[in-house]
Amino acid sequence: MIFKEITSKDIWEQKMSSQKQAQFLQSWDWGEFQKSLGRQIWRLDLGGVYALAIKIPLPLEQNYLYVPRLNFLLDRDMINILKELARLEKSIFLRLELGLAQDLDLFGFRKTNNVQPGQTLFLDLSKSEDDLLAEMRQKTRYNIRLAFKKGVKVREGNDNDLEIFYNLMSNTFERKGKKLFSKEYYQKILENLPFAKIYLAELSGKILCANMVLFYGDTATYLHGGSSPEDKNIMAPHLLQWEIIKKAKELGYKYYDFWGIDEVKWPGVTRFKKGFGGFEVKYGNTYDSVQNKFWYTAYQIVKKFK
C-alpha cells in the first residue's frame with residue numbers, strides 16, 4: 001500500500017489551522033516537536049483529511065502507533081490505511097484518539113484510557129471583557145481584582161524564564177502527587193513550537209506563578225501552569241489567567257481552551273477553571289486496535305504497576 005504524505009507545511013497548515021477549535025496536537029510544528037523527541041512521524045492524507053501519526057518507542061524494541069485528537073469521522077478506508085501502517089511498523093497496537101464521538105468497536109477496536117484530556121472547558125472570546133467577567137463565578141472575579149489591587153503584574157516570559165516556570169511546575173506537581181515531564185521536554189516545546197509562550201505573574205520582583213500557553217489556529221490553549229504555595233492568598237493565578245485571556249482576545253483568537261477538566265481526577269483544578277465560566281466540550285473516546293496480543297497484554301500489565 002502506498003501512503004500519501006503531505007510534505008508541505010503550507011498545505012498542511014491551510015487545512016489544520018483553519019479548523020474550528022484547531023488542535024495543536026495535529027499541527028505541523030507538533031510533528032516537528034515529536035521528531036525532536038526522537039520519534040518517527042507521518043503526515044498522512046487520508047483522502048482529503050489529514051492525520052499526524054506518531055510512532056511511540058517502547059522497551060525491548062517495541063512500539064505503538066498513536067494518532068492524537070482526530071476531529072473528523074473515520075471510514076473503513078481511512079482505518080485500513082492506519083492499520084496497514086501499524087502493521088508495516090510492527091507496532092503492538094494502533095491508538096486513535098477521537099475528537100468526535102464515533103464507535104470504533106465495529107472496526108475491531110477496543111476502548112482504552114484517554115491520553116489527552118477527554119473533556120475540556122472553552123471560553124468564547126468573541127464576547128466582550130465585561131461579558132466574560134459577568135459569566136465568571138463571583139469568587140473568581142473577586143480574586144482577579146484582589147491580585148490586581150495587591151499590585152501583581154503579568155508579563156510574557158523570555159528564554160531565561162523556562163527555569164522559573166519549570167521550578168514552579170515541579171513544586172505544584174509534587175504537591176499534587178503527579179508526574180511531570182522533564183525540563184528538556186518543555187525546552188523542546190519552546191524550540192519547536194513558535195506559538196508556545198510562557199506568561200508569569202510577579203509581585204515586588206518575585207515570580208508567583210507561570211503558565212505555558214499555545215496559540216494555534218483560532219484557539220489559545222492553557223497547557224500547563226505552576227504556582228508558589230507560600231503566596232496563595234495573593235490569588236495571582238486568577239489574574240494571570242485573566243490577563244492571558246485578554247491577550248488572546250486582543251490578538252484575535254476566538255477561543256480559550258483550559259485544556260482538561262475532570263471532577264473526579266482533578267477536582268481542585270477543575271473547580272478553579274470552571275470559575276471562569278465558559279462551555280464544556282466532551283471529546284470522543286480513545287481506541288486501540290491490537291496488532292500483537294502477547295505484547296499488548298504485557299504492555300497493559302506494566303502500565304498498571306507504573
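All of 133, 180, 168, 146 fail the test of being of a type outside the set (Asp, Glu), modelled with pLDDT of 95 or more and in contact with a helix residue (DSSP H, G or I) (Cβ under 7 Å, 6 or more places away or on another chain), apart from 133. Considering only residues in segment 108-154 that are over 30 Å from residue 95 (Cα atoms) and of a type in the set (S, T, N, Q), the one that is nearest to the chain's Cα centre (by Cα) turns out to be 126.
Only strands (runs of 3 or more DSSP E) wholly contained in segment 149-247 count here; list those with 3 or more residues that are of a type outside the set (D, E, K, R). Outline the logic, then answer.
Values: elements: 153-156, 196-203, 206-216, 219-227.
Strands (runs of 3 or more DSSP E) meeting the threshold: 196-203, 206-216, 219-227.
Against the list (1) of a type in the set (A, V, I, L, M); (2) modelled with pLDDT under 95; (3) outside any helix (DSSP H, G or I), the condition residue 94 fails is (2). Only one of the listed residues (215, 276, 258, 272) is in the same structural domain as residue 125 (by TED's automatic domain parsing), touching a Pro at 6+ places or on another chain (Cβ under 8 Å) and either within 15 Å of residue 154 (Cα to Cα) or at pLDDT 95 or above (or both). That residue is 272.
Yes/no per residue for (1) within 23 Å of residue 226 (Cα to Cα); (2) aromatic (Phe, Trp, Tyr); (3) surrounded by fewer than 17 Cβ atoms within 10 Å (Cβ to Cβ):
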residue: 93; (1), (2), (3): no, yes, no
residue: 108; (1), (2), (3): no, no, yes
residue: 119; (1), (2), (3): yes, no, yes
residue: 134; (1), (2), (3): no, no, yes
residue: 140; (1), (2), (3): yes, no, no
residue: 154; (1), (2), (3): yes, no, no
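Table: residues versus (1) touching a residue at least 12 places away in the same chain (Cβ under 8 Å); (2) over 22 Å from residue 21 (Cα atoms).
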position	(1), (2)
58	yes, yes
77	yes, yes
86	yes, yes
94	yes, yes
108	yes, yes
112	yes, yes
120	yes, no
130	no, yes
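Can residue 177 be described as in contact (Cβ under 8 Å) with a residue 60 or more places away in the chain and under 30 Å from residue 66 (Cα atoms)? For residue 177, the condition - in contact (Cβ under 8 Å) with a residue 60 or more places away in the chain and under 30 Å from residue 66 (Cα atoms) - is not met.
Within segment 19-63, restricting attention to residues that are hydrophobic (A, V, I, L, M, F, W, C) and in a loop (DSSP other than H, G, I, E, B), which residue is farthest from residue 283 (Cα to Cα)?
Filtering segment 19-63 for residues that are hydrophobic (A, V, I, L, M, F, W, C) and in a loop (DSSP other than H, G, I, E, B), the one farthest from residue 283 (Cα to Cα) comes out as 60.
A single entry from 255, 222, 287, 216 fulfils the requirement of being in contact with a strand residue (DSSP E or B) (Cβ under 6 Å, 6 or more places away or on another chain), closer than 27 Å to residue 160 by Cα and not aliphatic (A, V, I, L, M): 222.
The values are calculated or read from the model by the stated rules, or taken from the named source; none is laboratory data. Fair warning: this is a prediction, and the values are worked out from it, not measured in the lab. Don't worry about glycine lacking a Cβ; one is built from the backbone with ideal geometry, like all the others, and counts go over all protein chains shown.
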